[in-house]
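Here the structure is laid out as C-alpha cells; the discussion comes afterwards.
The values are calculated or read from the model by the stated rules, or taken from the named source; none is laboratory data. What you see is a predicted model, and the numbers here were worked out from it, not measured in a lab. Neighbour counts run over all protein chains shown; Cβ positions are idealised from the backbone, glycine included. Quick note on the areas: whole protein, heavy atoms, side chains included, nothing else; ligands and nucleic acids left out. Shrake-Rupley method; radii C 1.70, N 1.55, O 1.52, S 1.80 Å.
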Amino acid sequence: MKKINSIIAILFLSISISFANEEYQAAMLKEIQVMNQAGPASDLQKSANSFARIAQMNPEEWLPHYYAGLALANASFRSQEGAAEKDVLLEEAKKHVAKAAAISSNNSEIVALDGYITMAELAIDPASRGQYLSPLAMQKFGKAVDLNRKNPRAIMMLGQMELGMAEFFGTGPAKGCGLITASLELFEKEAESKNPNEILPSWGKEMAEQIKTNCN
Amino acid sequence: MKILAIFFLFIQSQLLLAQTNIQGVVKGQSGETIPGVNIFLKGTYEGVSSEIDGSYKLETTLTGEYILVFQAMGYNSLEKEISLQGESLVLEVTLREAINEMTAVTISAGAMEASDEKKAVVLKPIDIVTVPSAMGDIIGAFQTLPGTANVGNDGRLFVRGGDASETAIFIDGMKVANAFGTTASNVPTRTRFNPNLFKGSFFSTGGYSAEYGQTLSSALALNTVDIPLRNQGDLSIMSVGGGFAQTLTSEKNSITASANYFDLSPYQGLIRQNFDWERAPFGWDAEIAAKQKWGKSGMIKAYVHTESSGMKIWTKQPDSEGRGQLVDINNKYTFAQSSFKQIGKNDWSYYGGFSYSNNIDDFKIAADEIRNQNKLFHGKMAAVKSFSDKFSIKTGLESYFIRYSEQLISQDLKREIVDNQYNLFTEADYYLSNKLVFRGGLRSGHSSLANQTWLDPRFSLAYKFENEGQVSLAAGTFNQMPLEELRIINPTLQNTKAEHLILNYFINKNGRTIRAEAFYKGYNNLITFEGQRFNYQKIEQTGEGFAQGFDIFYRDQKSIKNTDFWITYSFVDSKRQFARFTEMVQPSFAPRQNASVVVKHFVGKLKSQFGTSFSINDGYTYHNPNLPGQMNSKTRSFQDMSVSWSYLPKPNLIIHLACSNILGRENVFGYQFSEQANDNGIYEGRPIGMQAPRFLFLGIFITLSKDKTANQLNNL
C-alpha cells in the first residue's frame, strides 16, 4: 500500500510538472503570437507585461525575459514619443536581458538581443550617440556570432551594422550584403526545421529581406 | 481512481463557476492615469495591462486569498491582498512615483559633465578631443567652457577669478598633484595625461560636493575608461613626436601599455619661433593601465604613469642687452593610483583607492642649481547607503600626506615640510520627487603642519520644471592650504578661504543645451608677501577678494545639419588683494569678459570633420610702474582663431591637422618691467607675447586590430 501511495504521489507530481510545463509552453506560444500581431508601441508594451508575468512564474526560463526585452526594444522603435520615454523602455528592456543572461550565460540569442537594444538606443539620437554606441553594438553582434555562427539574427544585425559602416566610409556594401545573404539562408533553414510549437526565437526574416533590398 | 477523477472534475467546475472581475483605474500621485501597468495575481498566469486611460479589468476563475500586484515603469510597485469570492471587485489604486536616475532632476549648479552614459550632460568625451584650439589637450577644451579664462601664457585652468592652483584635478576620485608639465615662466604648459584615457569628466566651477576639498575655485574629476572593447594596437605619428599603445582585453580584465616620445626641435627648426630656445622641449612618458572586474558589479583599476622632460630657454631681461638668462629645466614625474568600487548587500556601496604623485623639478638658472620635490599620497574610502530610492547618505574618510622640499644644490642647502591631513566628509541626498532634490554636506579637515582644524558646510538644491528645464542653487565654504613654496617659508600658514553662492539654469532638449549661471565668490585669508620665489618675505594672510558675474552657454546640434556648435560668454568682476599687492586689484589672470565659439561640421562625402574655434577676451591687466596705482593697465584684447581638419579615409586611420591662431594676431599677455628706472626715470617694459605666431599640428593615428573598423576614437 505504501508503495502504491508513493507511486501515485510520484505520478501525480510528474503529471503536475508536465502540466506546469505545458501551461508554460502554451502561455509562451500564445503571447508570441499576440506579440507578432501587435500594432502600436502600447501593444508591444502589453506583450512585454505578459512575458514578465510568465517570467515571474518560471524563474528558471530565459525565454520569457528574452521576449519581454525584445517587445520593449521593438516598442522603442515604434514609439512616437520623445527620447526620454524611449530610453525608459530600453532601460527596462536591458533589465530583462540582464535577467535572461543570468539564467543562460553565453547565449548567442541573448547577446544578439542586447546588441539590438543598443541599436535601438543609437537610433534615438544617432548624431550624438553613434560614435559611442555603434562600436558597442558591433562588438555585441560580433560576440553573438562567435557564440553561434548559425544564428541568423546575429548575422543579419552584424550585416546591417557593416552596411552602415560601408556607407559612411564608402567602402562598398559587399561585406554587409554577404552577411545578409548568409543570414537569409540560415533563416530558410530555421523555417524548414521549425516545429510549429517552437518557442525559441525565430524572428527577423522579414527584416533581413527588407535590408536585402538595399543590396540590389 | 474513478472517484478521484470525478472529484477533480467537480473542483474544476466549481472553479469555473466562480469568476471574479477586478477592475478600476490606476493613477499616479498627481492624478495622471497610467497606461501599460502590469496587473497580475502573484504566483499565477492571470494578469492584464492597463489601457491608455489607466483603466483595467482582470477576469479570473481563481478563488481564495491572493496578492494583486501593480507594476509600472517609473513607479514603485504596489501589492494588495485580495480575496476572490466570485464577486466583482473595484480597486482604484495610486502608484507612487519612483526616483529614476535617468530622468530625475540633477544638481547642475557649478557642474559641467561630459559622459556617454548619462543623459543630462553638456558634452560627450569625444567633443573634448575634437575642439580645434585644444590641440589634443583636455584642458584646452575646458577653456572653451563657461566660467574659465584663457590665459595663453600659462595653459592651465583658471576658473572665475581664481588662480590656477585653485583647481584640483582628480582621476577616478584620487587627487593628482602636479597634473601639468613643469615649464618656464610665460611658456604655456599642458596636462600630462592623454585624453584617450578618459571616458568622462565632471568639471565644476563652484559649489561642488563635500567629497572635494583643498580647492578654492574648481574641481575637475576625470574618469578612466572601463574594460576597452577589443585587443588593439594604436600607433600615433605626430609633427612633434610619436607613440604606441597596445591593449589586451578579455571579458573580465584588460591591460593597456603605452609609450610616447616628443621633441619639438625638428618642428621648431622648420617654423620660426619668437622665443629663444637653447634646447626645444623634449620628453618621453610610459604608462600602464589595468582593469579587473570584481564579482558581479565591482571594478578595480590600477594606473601608473611615469615621464621625464626637459627644455632650455633664454629669457630676456628687460634692463639688459643680449640673450638674457638661460633657464634649464628637467622634470621627472610619476603618478600611480589604484581605485575600486563595489556594490554590497542591503543597498550599501563602497569605493575608494589611493594615489601617489612624485614630482622632481631640476632648475639651472645662471650659477644656481635648484631641485624642488613634491610628493603627495592620497588615500580615500567612502561608503554610500541608500535608505530608499529617495534618500541616501555618503560618508568618507580621506588622508593626504604631503612632503615638499627645496634644495639649493650648488650651496648644499635643503629645506623641507611635511604635512599630514585628515578629512571626514558626509553628504545626504534627499529626493522629494523626481522634480526636487536637496543635498547637504559637511567636510572636516585637520592639518598637522598648520595645526588647524576646519569645517566646511555645503548645500545645494535643484528643481526641474515640466519643460525639462531645471534650476539649481548651491552654496558652501571651501578651504585650501597656501602653495607649498610659501608654506615652506612659513609652515604655520593657515587655510585660505572661499565661499560660493551659485544660481544655475540648465536645459537640454532636442539636441540643444542652454546653461546660464550667476555666481558670487568671496575670498579671505589670502596670502600677501614681498620679494621673489624662494625668497618671499613678510608673508601675511590678510588678503581678501571677491569674484562675481555670470556665464552663458548655448550648444546646438540640431539647427544646422551635420553641424555642432557651442557659444560661451563669461563675465567676471574680480578683485583681490594678494601676492605683492597692497590693495584690491583685478588679477592678470581674470579678464572681465571671455567668449568663445566652437563649430564642428561633418562632411560625409569627404569623410571629414572640419572644426574652428574662436576665443576672445577684453585683455589682461598688468602693473605699469610708470603710472600711478597698482594693476593700472590692460593689454589689448586676446584673440585666437584655430582650425582643424580630421580625415577618416579608412575606418582604422585618422589624420588630424590643426592650426592655432590662423589670423596671426600678435597677442600680448602682459608686460615685464625692469626693476630700476632708466636715466630718464622710466621703467622699461617688454611685452610678454606668444611662443610663435601659430602652432601647427599634424597627427596620423593608425589602429591595428583584427576588427578593421576599430579606430582610436572607439575608446572615448
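On the protein heavy atoms, probe 1.4 angstrom, tell me the percent of accessible surface of chain B carried by carbon and sulfur.
Carbon and sulfur: 57 percent of the exposed surface of chain B.
How many Å² of accessible surface get buried when B and A come together, counting both sides, probe radius 1.4 Å, rounded to the nearest 100?
That pair of chains buries around 3100 Å² in total.
Could you go through segment B:635-642 in sequence order and give the Karplus-derived ³J(HN,Hα) for each residue, using 6.51 cos²θ - 1.76 cosθ + 1.60 with θ = phi - 60°, rounded to whole Hz, and x for Gly and Pro?
Those phi angles translate into 6, 6, 4, 7, 9, 9, 10, 10 Hz.
Could you tell me which of the pairs B:Lys509/B:Lys650; A:Lys143/A:Lys212; A:Lys205/B:Lys42 are separated by over 26 angstrom between their Cα atoms in the structure shown?
Going by Cα-Cα distance, B:Lys509/B:Lys650; A:Lys205/B:Lys42 fall outside the 26 Å limit.
Could you state the accessible area per residue of segment A:128-216 in Å², with a 1.4 Å probe and every protein chain left in place?
51 Å²
Just the number please: accessible area per residue for chain B, 1.4 Å probe, all protein chains included, in Å².
Per-residue value: 44 Å².
In whole angstrom, and with the biggest value first, how far do the Cα coordinates of segment B:573-644 range along each principal axis?
Here the Cα extents, ordered largest to smallest, are 60, 21, 16 Å.
Quick one: angle between helix B:2-17 and the longest Cα principal axis of chain B, in degrees between 0 and 90, rounded to 10, please.
Approximately 70 degrees, to the nearest 10.
How charged is the neighbourhood of B:Gly206? Take every other residue with its Cβ under 12 Å from the Cβ of B:Gly206, and add Lys/Arg as +1 and Asp/Glu as -1.
Charge balance near B:Gly206 sits at -1.
Relative contact order for segment B:407-544: what percent, with Cα pairs under 8 Å and sequence separation of 6 or more?
For segment B:407-544, the relative contact order is 15 percent.
Among A:Met138, A:Met165, A:Met156, which one moves the most in a GNM of chain A with springs linking Cα atoms closer than 10 Å?
In this elastic network of chain A, the residue with the biggest mean-square fluctuation among A:Met138, A:Met165, A:Met156 is A:Met165.
What translational diffusion coefficient, to the nearest whole µm²/s, does segment A:128-216 have by Stokes-Einstein, given a Kirkwood radius computed over alpha-carbon pairs, a temperature of 20 °C and 1.002 mPa s viscosity?
So the translational diffusion coefficient is about 158 µm²/s.
Which lysines, if any, have their Cα less than 16 Å from the Cα of B:Lys394, not counting same-chain residues under 8 positions apart?
Filter leaves B:Lys341, B:Lys345, B:Lys380, B:Lys385.
With no solvent and one point on each alpha carbon, what is the Debye value of log10 I(q)/I(0) for segment B:338-432 at q = 0.19, 0.21, 0.25 Å⁻¹?
Rounded to two decimals, the profile gives -0.91, -1.00, -1.17.
Setting aside same-chain residues fewer than 8 positions from B:Lys293, which aspartates and glutamates have a Cα under 14 Å from its Cα?
Those aspartates and glutamates meeting the cut-off are B:Asp226, B:Glu251.
Can you give me the three principal axis dimensions of chain A from its C-alpha atoms, in Å, biggest first?
80, 38, 29
Listed here are the pairs A:Lys150/B:Lys199; A:Lys30/A:Lys99; A:Lys175/B:Lys124; A:Lys95/A:Lys189; A:Lys140/B:Lys435; A:Lys140/B:Lys124; which of them are more than 24 Å apart at the Cα?
Listed pairs above 24 Å: A:Lys150/B:Lys199; A:Lys175/B:Lys124; A:Lys95/A:Lys189; A:Lys140/B:Lys435.
Return the lysines within reach of B:Lys312: Cα separation strictly under 28 angstrom, same-chain partners fewer than 8 residues apart disregarded; answer none if there are no such residues.
B:Lys332, B:Lys364, B:Lys375, B:Lys414
Rounded to whole Å and ordered largest first, report the semi-axes of the equivalent ellipsoid of the protein assembly as shown derived from its Cα gyration tensor (root of 5λ).
Working through the eigenvalues yields semi-axes of 61, 32, 25 Å.
Please express the Cα-Cα pair-distance distribution P(r) of segment B:607-692 as a list of whole percents, one per 10 Å bin, running from 0 to the bin with the greatest distance.
15, 30, 22, 15, 10, 5, 1
With an 8 Å Cα cut-off and a minimum separation of 6 or more residues, compute the relative contact order for segment B:16-95 in percent.
39 percent
Please list log₁₀ I(q)/I(0) at q = 0.10, 0.13 Å⁻¹ for segment A:16-105, using the Debye equation with identical point scatterers on the alpha-carbon positions.
So the normalised log intensities work out to -0.25, -0.41.
Calculate the dipole size of segment A:93-216 relative to its Cα centre from +1 charges on Lys and Arg beta carbons and -1 charges on Asp and Glu beta carbons; express the result in debye to the nearest 20.
With only Lys, Arg, Asp and Glu charged at Cβ, the dipole is about 320 debye.
Based on the alpha-carbon gyration tensor of segment B:326-369 and its eigenvalue square roots a ≥ b ≥ c, which shape applies: rounded if a/c is under 1.5, prolate if not and a/b is larger than b/c, or oblate?
In terms of gyration-tensor shape, prolate.
Expressed in nm², what is the orientationally averaged projection area of the convex hull enclosing the Cα positions of segment B:481-554?
6.7 nm²
Which FRET efficiency value, to the nearest 0.05, do you get for B:Ile271 and B:Tyr647 by plugging their Cβ-Cβ distance into 1/(1 + (r/R0)^6) with R0 = 25 Å?
With a Förster radius of 25 Å, E is 0.70.
How big is the charge dipole of the protein assembly as shown about its Cα centre, in debye rounded to the nearest 20, if each Lys and Arg gets +1 on its Cβ and each Asp and Glu gets -1 on its Cβ?
920 debye
Round to a whole angstrom and tell me the spacing of the C-alpha centers of segment B:314-346 and segment B:628-680.
With segment B:314-346 and segment B:628-680 each reduced to a Cα centre, they are spaced 21 Å.
Could you point to the residue in B:Leu157, B:Leu248, A:Gly39 farthest towards the positive end of the protein assembly as shown's charge dipole, with +1 and -1 charges on the Cβ of Lys/Arg and Asp/Glu respectively?
Most positive-ward Cα: B:Leu248.
Give the accessible area for B:Thr144 in Å² (nearest 10); use a 1.4 Å probe, count only protein heavy atoms, and leave out ligands, DNA and RNA.
The accessible area comes out at roughly 0 Å².
At 25 °C and a viscosity of 0.890 mPa s, what translational diffusion coefficient does Stokes-Einstein give for chain B, taking Rh as the Kirkwood radius over Cα pairs? Give it in µm²/s as a whole number.
Translational D for this selection: 85 µm²/s.
Do you know which residues of segment B:18-57 lose at least 30 square angstrom of accessible area in the protein assembly compared with their chain on its own, with a 1.4 angstrom probe?
In segment B:18-57, residues shielded by partner chains: B:Gly36, B:Asn38, B:Phe40, B:Gly43, B:Tyr45, B:Ser49.
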